[in-house]
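Working notes for the structure below.
The values are calculated or read from the model by the stated rules, or taken from the named source; none is laboratory data. Bear in mind that the values here come from a model prediction, so they are computed numbers and not experimental data. Quick reminder, even Gly has a Cβ in these numbers, built from the backbone with ideal geometry, and neighbours come from all protein chains shown. Protein only, heavy atoms only, side chains kept; ligands, DNA and RNA dropped before computing areas. Shrake-Rupley method; radii C 1.70, N 1.55, O 1.52, S 1.80 Å.
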Amino acid sequence: MADYILNGVLGLAVGDALGYAAQGKTREILKFAPVLEMKRGLWSDDTSLTLCTLASLRENDWRLDYVDLMERFSKWFEYGYMTPEGAAFDVGATTQRALQNYVSGAPLEQCAPRNQWDCGNGSLMRILPIEFYLQARPEADRYESIRNASALTHAHICCTLGCYLYCAVASEIIAHRERFKLATLLIRGVNRAVTELAQVADADDVRELHYYSRIIDHSVYDLPESEIESSGYIVDTLEAALWCLANTNSYRECLLWAVNLGDDADTVAAVAGSLAGLYYGYDNIPHEWLAGLKNMETIVRVCG
């Protein structure tokens, strides 16, 4: 297990840190002054919350404890737990509201906003360790586990479905990276997710898959860059990450495409980087990017 955990989490952290330099910049600006190398090496909430999730699972003998997860998220938010320099930064608005509700004493199931305009990418960016947990669990546990973990901060069904699609792709890469090309694994993972959701999710929930129609019909991979958005909306983030993965041939190439899409570049690159890390392995992450990563010791320690 340790190898794929390290592959995925380091892939995510490098993407987060590389993309932070491009966050908020427009694509047009980045075409004139692209990000090509690691700069400050600071990783943000994407990596911190992923590490909180992984640490919770590892330190609780791979049990999924939602209260413990929220305690760790709150510790990150208030005290800088699992951060590169001792303080949380780049906190998403929906995540912040959920944690403030939790700290104020709201019941766990009522902390997260549930509105359609609260469908940011804040649960997608941290959900990967739940897939590590699910590797040793019955298939019947997948939907409930992913839904509940996402809903700690992002409770809308659109977020649940995005996380489910992403986890299915991650699972497919972990199981079959030696057998299939990456583009094939992306399609297999999405197809598997849609089939499973039809069996385990409520019919009303399944109907909401229309948000992800371009991923489900695989048309997203053939779109020109101009039709790929890289905003903080979970659908845009997942589309952009999968588009970068399908149209590149190395970890470096994938991450540079993801980062230079601009806008919410750190999370697009973190999501793309996690799956690229799972597929290509951390040995194929550029050494200079790893060397520039702040507080890498914490990341490696949590990965075990």
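Here are some notes:
- Matching residues, the stretch 209-237, being open to solvent by less than 50 Å² (accessible area, probe 1.4 Å), of a type outside the set (Val, Ile, Thr) and either at pLDDT below 95 or in a helix (DSSP H, G or I) (or both): LEU209, TYR211, TYR212, SER219, TYR221, ASP236
- Any hit, the stretch 3-24, residues being surrounded by fewer than 24 Cβ atoms within 10 Å (Cβ to Cβ), part of a helix (DSSP H, G or I) and of a type in the set (Ser, Thr, Tyr): yes
- Scanning the stretch 111-155 for residues that are polar (S, T, N, Q) and either part of a loop (DSSP other than H, G, I, E, B) or at pLDDT below 95 (or both) yields ASN115, GLN116, ASN121, SER123, GLN135, THR153.
- Test for GLY189: is it open to solvent by less than 10 Å² (accessible area, probe 1.4 Å) and either more than 20 Å from GLN116 (Cα to Cα) or free of Cβ contacts under 8 Å to residues at least 24 places away in the same chain (or both): yes
- Within the stretch 122-137, being among the small types (Gly, Ala, Ser) and under 21 Å from GLU239 (Cα atoms) holds for GLY122, SER123.
- Long-range neighbours under 8 Å by Cβ, at least six apart or interchain, first residue farther than 15 Å from ASN148 by Cα within the stretch 112-126, second modelled with pLDDT under 95 and of a type in the set (A, V, I, L, M, F, W, C): GLY120/ALA93
Residue by residue, here is whether (1) in contact (Cβ under 8 Å) with a residue 24 or more places away in the chain; (2) closer than 25 Å to ALA136 by Cα; (3) in contact with a Gly (Cβ under 6 Å, 6 or more places away or on another chain); (4) crowded, with 22+ Cβ neighbours inside 10 Å holds:
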| residue | (1), (2), (3), (4) |
| --- | --- |
| LEU36 | yes, no, no, no |
| GLY41 | yes, no, yes, no |
| SER48 | yes, yes, no, yes |
| TRP62 | yes, yes, no, no |
| VAL67 | yes, yes, no, no |
| TYR79 | no, no, no, no |
| MET82 | yes, no, no, yes |
| THR95 | yes, no, yes, yes |
| TYR102 | yes, no, no, yes |
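- Screening the candidates PHE89, PHE32, PHE73 for the property of being at pLDDT 95 or above and farther than 23 Å from TRP257 by Cα yields one hit, PHE73.
- If you go through the stretch 79-108 and pick out every residue that is of a type outside the set (A, V, I, L, M, F, W, C), within 16 Å of LEU152 (Cβ to Cβ) and either touching a Cys at 6+ places or on another chain (Cβ under 6 Å) or part of a helix (DSSP H, G or I) (or both), you end up with 7.
- Hey, LEU197 over 20 Å from SER123 (Cβ atoms), open to solvent by less than 40 Å² (accessible area, probe 1.4 Å) and more than 16 Å from the chain's Cα centre (by Cα) or not: no
- Of the set (1) more than 22 Å from CYS119 (Cβ to Cβ); (2) without any contact (Cβ under 8 Å) to a residue 60 or more places away in the chain; (3) surrounded by 24 or more Cβ atoms within 10 Å (Cβ to Cβ), all apply to ASN247 but (3).
- Pair list, Cβ under 6 Å, 6 or more apart: the stretch 127-145 residue touching a residue at least 12 places away in the same chain (Cβ under 8 Å), other residue open to solvent by 10 Å² or more (accessible area, probe 1.4 Å) and β-branched (Val, Ile, Thr): TYR143/VAL200
- Check on THR184, part of a helix (DSSP H, G or I) and surrounded by 17 or more Cβ atoms within 10 Å (Cβ to Cβ): no
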